[in-house]
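Below is one structure, written out as structure tokens, with a few remarks after it.
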Amino acid sequence: MSRIEEYISNNSAFVASQSTISLAARQKFGLDVRAKRGDCGQSEFAKSLHLSLSQGTLSKIESGDQSISAAKLRALAKKLDFQMDLKLASVDPPSRCGCCENPDCHTVSIGCDNTNLFFVPTKYRIESVRGKCPVGHPLNTKCKSCGSPIDENSTHLCSSCGQPLIDLDVVRASLFSAVFLADFERLKASKASSLLTQPSEDLRRRVKEFAAEVGKENEKRDQLLSRLTRGL
Ligand SMILES: [Zn+2]
Ligand SMILES: [Zn+2]
């Protein structure tokens with residue numbers, strides 16, 4: 001589990017707002033709410049719940065409208081003692097995954113091995129194509145190279161074609177730290193020439209320095225992310 005995933009799983013409000021409830025489950029829940037309301041008018045019923053629910057929202061809930069957040073539905077289910085129903089009805093698998101492709105975003109962490117620098121997006125399960133990362137960037141749901149949907153098995157590489165989900169060209173075109181990239185290029189250059197000219201001790205030191213830099217950059221991003229998403 002990445003530090004960001006850990007953060008999200010520790011933040012129940014965020015989880016509640018992101019989790020998926022299927023359309024069928026929403027519609028069934030809506031009918032149950034309608035039955036519970038009986039002869040009472042929508043405004044009166046909404047007021048009696050003390051959940052700051054408007055008549056309009058209640059009406060949407062009763063019709064199974066997908067714009068109502070899962071958190072709101074759960075709060076209402078709890079109030080009406082429907083929690084089991086909603087829980088049972090919401091076990092449908094999430095429809096798709098998306099990830100933020102913005103290399104400057106704090107939900108994207110940096111990895112490197114001996115020869116490559118790569119960017120690891122966090123995957124989020126989303127209900128529609130319009131999901132957003134916690135910072136507010138739109139999530140991409142398809143691999144740019146082959147068009148396959150991004151799934152649970154994609155790491156920093158697409159699970160269908162093996163291409164990176166965020167490639168270095170995108171990173172170079174972004175606001176991403178030019179100093180950081182220059183260091184990586186320097187490291188790569190010195191590795192390429194090491195057989196001839198560079199003593200291996202020097203190269204080892206450079207690799208170590210770069211790994212420390214990657215760690216520091218990731219830490220900085222995590223701190224920024226938790227600052228930005230505090231209180232969600
Ligand atoms: Zn983002
Ligand atoms: Zn692909």
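Here are the numbers:
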| quantity | calculated |
| --- | --- |
| Any chance A173 is surrounded by fewer than 11 Cβ atoms within 10 Å (Cβ to Cβ) and assigned by TED's automatic domain parsing to the domain that holds K132 | yes |
| Within segment 36-83, helices (runs of 4 or more DSSP H) holding 3 or more residues that are under 20 Å from A25 (Cα atoms) and of a type in the set (A, V, I, L, M) | 70-79 |
| Segment 114-129 - residue that is outside any strand (DSSP E or B) and under 26 Å from Q223 (Cα atoms) and, of those, modelled with the lowest pLDDT | N116 |
| Test: residue in segment 59-68 that is loosely packed, with under 14 Cβ neighbours inside 10 Å, among the charged types (D, E, K, R) and within 28 Å of the chain's Cα centre (by Cα) | no |
| Boolean, L181 is under 20 Å from the mean Cα position of the chain (by Cα) and aliphatic (A, V, I, L, M) | no |
| Among the residues listed as K188, K132, the single one being away from ligand 1 (no atom under 16 Å from the Cβ) and either modelled with pLDDT of 90 or more or surrounded by fewer than 17 Cβ atoms within 10 Å (Cβ to Cβ) (or both) | K188 |
| Residues within segment 149-162 that are part of a loop (DSSP other than H, G, I, E, B) and either surrounded by 14 or more Cβ atoms within 10 Å (Cβ to Cβ) or not assigned by TED's automatic domain parsing to the domain that holds D104 (or both), tallied | 7 |
| Index of the failed condition, C105 passing every other in (1) part of a loop (DSSP other than H, G, I, E, B); (2) more than 16 Å from ligand 1 (Cβ to nearest atom) | (2) |
| Verdict on T141 being within 16 Å of ligand 1 (Cβ to nearest atom) and either under 28 Å from S22 (Cα atoms) or outside the structural domain of Q66 (by TED's automatic domain parsing) (or both) | yes |
| Options D183, D222, D167: the member that is surrounded by 15 or more Cβ atoms within 10 Å (Cβ to Cβ), over 24 Å from C97 (Cβ atoms) and modelled with pLDDT of 85 or more | D183 |
| Count - residues of segment 115-127 that are in contact (Cβ under 8 Å) with a residue 60 or more places away in the chain, surrounded by fewer than 17 Cβ atoms within 10 Å (Cβ to Cβ) and over 12 Å from the mean Cα position of the chain (by Cα) | 1 |
| Some residue of segment 210-217 being assigned to a helix (DSSP H, G or I), more than 16 Å from ligand 1 (Cβ to nearest atom), among the β-branched types (V, I, T) and modelled with pLDDT of 85 or more | yes |
| Tally, over segment 135-148, of residues that are in a strand (DSSP E or B) and either near ligand 2 (Cβ under 9 Å from one of its atoms) or surrounded by 15 or more Cβ atoms within 10 Å (Cβ to Cβ) (or both) | 2 |
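The values are calculated or read from the model by the stated rules, or taken from the named source; none is laboratory data. For clarity, every value in this text was computed on a predicted model and none was experimentally measured. Please note: Cβ atoms are built from the backbone with ideal geometry, for glycine as well, and neighbour counts cover all protein chains shown.
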